[in-house]
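The values are calculated or read from the model by the stated rules, or taken from the named source; none is laboratory data. Predicted model only: the values in this text are computed from it and were never measured. Cβ placement follows ideal geometry from the backbone for every residue including glycine, while neighbour counts extend to all protein chains displayed.
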Amino acid sequence: MTSALDKLVERLHSNAAVAVWSGAGISAESGIPTFRGAGGLWKTYRAEELATPQAFARDPQLVWQWYSHRRAVVNDHQPNAGHYALAQLAEHVAEMMVITQCVDGYHQAAGMSDVIELHGNILQNRCHECGKITDDRDGIYDDELPRCNSCNGRLRPNVVWFGESLPVTALEQGMLAAAECSVFLSIGASALVYPAAYMPEVALSRGAFLAELNLEPTALTPHVHAFIEGPAATRLPELIAKLVDRCST
Ligand code: BV8
Ligand code: ZN
């Protein structure tokens, strides 16, 4: 019987337009806590207390302490073998776009150029008043509130909070990539957060080959053509090795 990995390799080998959709699980083996799994962020914190505009209005210092801590964790760790394998995959397929829900910038750090950040980037700030976005990867604000250097407005992390719309361009580009791809690969996503989780549904409705890589089945699993079980930092390098081998035959 053909394994899920081999089925995916065959699809990738045939002039594929690939959309990779990544969730927090792609960065788990880098040491970045996921949201819902064991040791997940939501086990220690409650999303509505920290990742919402209401939380920021109520206690901006607490929100900045949380994001400062997470920013430091991102700076203290690095992309893993799964991120690098994806950057390699882009060299072996006709075209590829990464649509990520992650905010750590690790796909770009691993050399991936075509990345759509659906939920923003934790290493940037955005002005609450004028909307100006600035890189601030080392900015730690445990006991002060950062101000915009243009309008002196309050700065916030440049991420999408619950109850906030996604950046229009990112959402449009992500949906387009999902609609036009021939292979849609979900990696380390629980497929629970919307509207991002509409993307695999769009890809499936347009006839794409839908594959999923995860430690365990998710809400998406019953709908996929190939389910690859296991950790991304192990299974993705395996995928690349098989694809390179397939390309040489
Ligand atoms: C919005 C940035 C309203 C901040 C995040 C229907 C339509 C629209 C909205 C909704 C809807 N239904 C509900 C909503 C509301 C809400 C929502 O989806 N709630 C959920 C919880 C039910 N959505 C919103 O609020 C969105 N906004 O729609 O606004 C609106 C509408 C119209 C007009 C105006 C306004 C905004 C959502 C974005 C929130 N921001 N992040 C921050 O980081 O602090 S979401 C957050 O969850 C992260 O981005 C994360 O990536 C994302 C999704 O989670 P996952 O990535 O999947 O991570 P998770 O931990 O859940 O799972 C990890 C997976 O990896 C697991 O499956 C695990 O098994 C696997 N794994 C673990 N280790 C590994 C692994 N796999 C492989 N290898 C491993 N080693
Ligand atoms: Zn400003």
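So here's what we get for this one:
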read-out: Selection count where residues are free of Cβ contacts under 8 Å to residues at least 40 places away in the same chain and part of a strand (DSSP E or B), scope the stretch 170-212; value: 2
read-out: Pairs where the first residue, in the stretch 230-249, is of a type in the set (Gly, Ala, Ser) and the second is modelled with pLDDT of 95 or more and part of a helix (DSSP H, G or I), C-beta under 6 Å, 6+ apart; value: ALA232/ILE26; ALA232/GLY82; ALA233/GLU29; ALA233/ALA81; ALA233/GLY82
read-out: Of residues in the stretch 213-249 being part of a loop (DSSP other than H, G, I, E, B) and of a type in the set (S, T, N, Q), the one nearest to ALA4 (Cα to Cα); value: THR218
read-out: Residue in the stretch 92-111 that is closer than 23 Å to GLY25 by Cα and aromatic (Phe, Trp, Tyr) present; value: yes
read-out: Yes/no for GLY139 being surrounded by 17 or more Cβ atoms within 10 Å (Cβ to Cβ) and either away from ligand 2 (no atom under 13 Å from the Cβ) or under 19 Å from GLU49 (Cβ atoms) (or both); value: yes
read-out: Some residue of the stretch 86-96 being crowded, with 19+ Cβ neighbours inside 10 Å, within 12 Å of ligand 1 (Cβ to nearest atom) and at pLDDT 95 or above; value: no
read-out: Qualifying positions in the stretch 129-160 - touching a residue at least 24 places away in the same chain (Cβ under 8 Å) and in contact with a His (Cβ under 9 Å, 6 or more places away or on another chain); value: ILE140, ASP142, GLY153, ARG154, LEU155, ARG156, VAL159, VAL160
read-out: Members of the stretch 136-163 found to be basic (Lys, Arg) and assigned to a strand (DSSP E or B), listed by number; value: ARG147, ARG154, ARG156
read-out: Residue count, the stretch 110-126 (criterion: out of contact with any helix residue (DSSP H, G or I) (no Cβ under 7 Å at 6 or more places or on another chain), assigned to a strand (DSSP E or B) and either free of Cβ contacts under 8 Å to residues at least 40 places away in the same chain or of a type in the set (Lys, Arg) (or both)); value: 4
read-out: Some residue of the stretch 187-197 being surrounded by 19 or more Cβ atoms within 10 Å (Cβ to Cβ), of a type outside the set (Ser, Thr, Tyr) and out of contact with any Ser or Thr (no Cβ under 9 Å at 6 or more places or on another chain); value: yes
read-out: Pairs with Cβ under 7 Å, 6+ apart, first in the stretch 60-82 and over 20 Å from ALA109 (Cα atoms), second aromatic (Phe, Trp, Tyr) and surrounded by fewer than 22 Cβ atoms within 10 Å (Cβ to Cβ); value: VAL63/PHE56; TRP64/TYR141; TRP66/TYR45
read-out: Only one of ASN152, ASN158 that is over 22 Å from GLY37 (Cβ atoms), surrounded by fewer than 17 Cβ atoms within 10 Å (Cβ to Cβ) and within 16 Å of ligand 2 (Cβ to nearest atom); value: ASN152
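Residue-wise test of (1) surrounded by fewer than 21 Cβ atoms within 10 Å (Cβ to Cβ); (2) closer than 27 Å to GLY163 by Cβ; (3) more than 16 Å from ligand 2 (Cβ to nearest atom); (4) not hydroxyl-bearing (Ser, Thr, Tyr).
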| site | (1), (2), (3), (4) |
| --- | --- |
| ILE26 | no, yes, yes, yes |
| THR44 | yes, yes, yes, no |
| ARG58 | yes, yes, yes, yes |
| GLN61 | yes, yes, yes, yes |
| ASP76 | yes, no, yes, yes |
